[in-house]
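Notes for the one structure printed next.
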Amino acid sequence: MDREIRAILASVIHPETEENLVDGGFVESISATESKITVALRFRKTRDPFALKIKNRVEQLITELYPDSTITVFIKEGENSATKRNEQIEDMHRHTTTSSVAKIVAIASGKGGVGKSTVTSNLAVALAAEGYKVGVLDADIYGPSQAKMFGVENYLPDAVQVDGRDYIIPAEVENIKIISIAMFIRPTDALLWRGTMANSALRQLIHQTAWGELDYLLIDLPPGTGDIHLSIISELKIDGAVIVSTPQQVAVADVVRGVEMFRNPNVNIPVLGVIENMAWFTPAELPQNKYYIFGKGGATRYAASAGVDLIAQIPIIQTIMEGSDDGKPASSTSFEVAQYYKEAAQKVVEKLLKNC
Ligand code: ADP
């Protein structure tokens, strides 16, 4: 019913602005049941001379279609806060700082604790080592850890004004720009950050961070699938997604759901592939041995069955863990780790090129 009423409203033109009521933003609300239809129209101008005429016309048209319903059309005047907010959001989109970013890659996982943030930071270091300009946006509101991984947890972002607009200055470590939701909240408040508050803060980070020119922006998403993912996805043009999983997790429902979320026709983000993290362990004294602590071959099997590429397999390496704790991703200090991530980064670059 709402659709029919909206169609009626779209057929009525405001004589002065020459816009129909829907496109012109005159429709504030529609509530329709079989017996009762209520429409609220909002006119920006107070005492708009056409308001009454339009109200009568709308009532008449709806009555023709639903003669047995009680029809009420309200007139409201002045700016509506929702309209203002929408204008602000549109304004943000128009001026988004991500327009100077060549490729945006989302790093996702079905569950927490599989190494998604570790992979994000090391991949960023590997891409920077290849000579690319890289940024990291930590959008993991449930466990933001990028600031810690890069050793900038005490960084307090400044804002600059350019042409009357505020921009947030990201931290910068070895040519990698980093902004994290953690830089704006106290750790003790993190759990309170749900819903609209987190969404609007993320939206600001997404559109107002002064990234400058970037080749790659990596987004560390929260684990799982949820509203926050959908809102990030709808805010940005993401060029590809990388799924991080441990071997035993790889084919479980969480990962499958993650892949399906990106592949959903309404989302339509190419899944570049899976990175299998903690794939095996090799003790220093037995360099030829590989111990598949979390199972073997899970990622390969899943990748083949789901038609997803296996981008890389990263073993359990102590320096990787130490690097996260010390605020220096191990790719920048360990040759062994750097080699694994170099290959992963090259695959990601290649896959993005192919997807263009
Ligand atoms: P997530 O972002 O998925 O919650 P993290 O990146 O925080 O997971 O990683 C969880 C823990 O596992 C961290 O302590 C990290 O240092 C460690 N870790 C991740 N990958 C590896 C690895 N390949 N080898 C050793 N430790 C790892």
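The values are calculated or read from the model by the stated rules, or taken from the named source; none is laboratory data. It should be emphasised that the depicted structure is a prediction, and the values quoted were computed from it without experimental measurement. FYI the Cβ positions are ideal-geometry reconstructions off the backbone, even for glycines, and counts take in every protein chain you see. Note: areas computed on protein heavy atoms with side chains; ligands, DNA, RNA excluded. Shrake-Rupley method; radii C 1.70, N 1.55, O 1.52, S 1.80 Å.
Brief remarks on what is shown
- Base-10 log of normalised Debye intensity for segment 2-77 (one unit scatterer per alpha-carbon) at q = 0.24 Å⁻¹: -1.12
- Cα-Cα separations in the chain greater than 26 Å, expressed as whole percent: 58 percent
- For the chain, the relative contact order is 17 percent, taking Cα pairs closer than 8 Å that sit 6 or more residues apart in sequence and dividing their mean separation by the residue count.
- Members of K177/K328; K237/K351; K290/K354; K290/K328; K103/K347 lying beyond 21 Å, as alpha-carbon distances in this model show: K290/K354; K290/K328
- Take the Cα of N175, step 7 Å toward its Cβ, do the same at A201, and the gap between the two points is 3.2 nm.
- Result for the chain in a Gaussian network model with C-alpha springs under 10 Å: among R44, R165, R203, the largest mean-square fluctuation is at R44.
- Placing a label point 7 Å from the Cα of N154 along the Cα-to-Cβ line, the residues of segment 128-147 whose backbone N sits under 17 Å from it are 147.
- Taking Cβ atoms as reference points and 15 Å as the exclusive limit, the residues near G151 contribute a net charge of -4, counting Lys and Arg as +1 and Asp and Glu as -1.
- Theoretical gain in end-to-end length, D163 to R257 [0.36 nm per residue, Cα-Cα removed]: 29.5 nm
- Relative contact order (%) - segment 2-77, alpha-carbon pairs under 8 angstrom, separation at least six: 31 percent
- Coupling constants for segment 349-354 follow from the phi torsions by the Karplus curve (6.51 cos²θ - 1.76 cosθ + 1.60, θ = phi - 60°), and in residue order they are 4, 4, 5, 5, 4, 5 Hz; glycine and proline get x.
- Options V242, V252, A126, ranked by Cα towards positive dipole end of the chain, top entry (Cβ charges): V252
- Pairwise centroid distance, computed over Cα atoms, of segment 131-177 with segment 15-83, Å: 45 Å
- Computed on protein heavy atoms with a 1.4 Å probe, the accessible areas place E285, E336, E28 in the order E285, E336, E28, largest first.
- Once the Cα-Cα distance is subtracted from the 0.36 nm per residue extended length, the I75 to E130 segment shows a gain of 13.7 nm.
- Counting only lysines at least 8 places from K45 when in the same chain, those with an alpha carbon closer than 16 Å to its own are K53, K55, K76, K84.
- Summarising the amide proton neighbourhood of K103: residues at separation of 5 or more, or on other chains, whose placed amide H is nearer than 5 Å comprise Y216, L217.
- Å² of accessible area per residue within the chain, as computed with a 1.4 Å probe and no ligands counted: 51 Å²
- Percent of beta bridges antiparallel (DSSP, segment 91-355, rounded to nearest 5): 20 percent
- Residues of segment 302-341 with amide N under 11 Å of the 7 Å Cα→Cβ point at A284: 318-319
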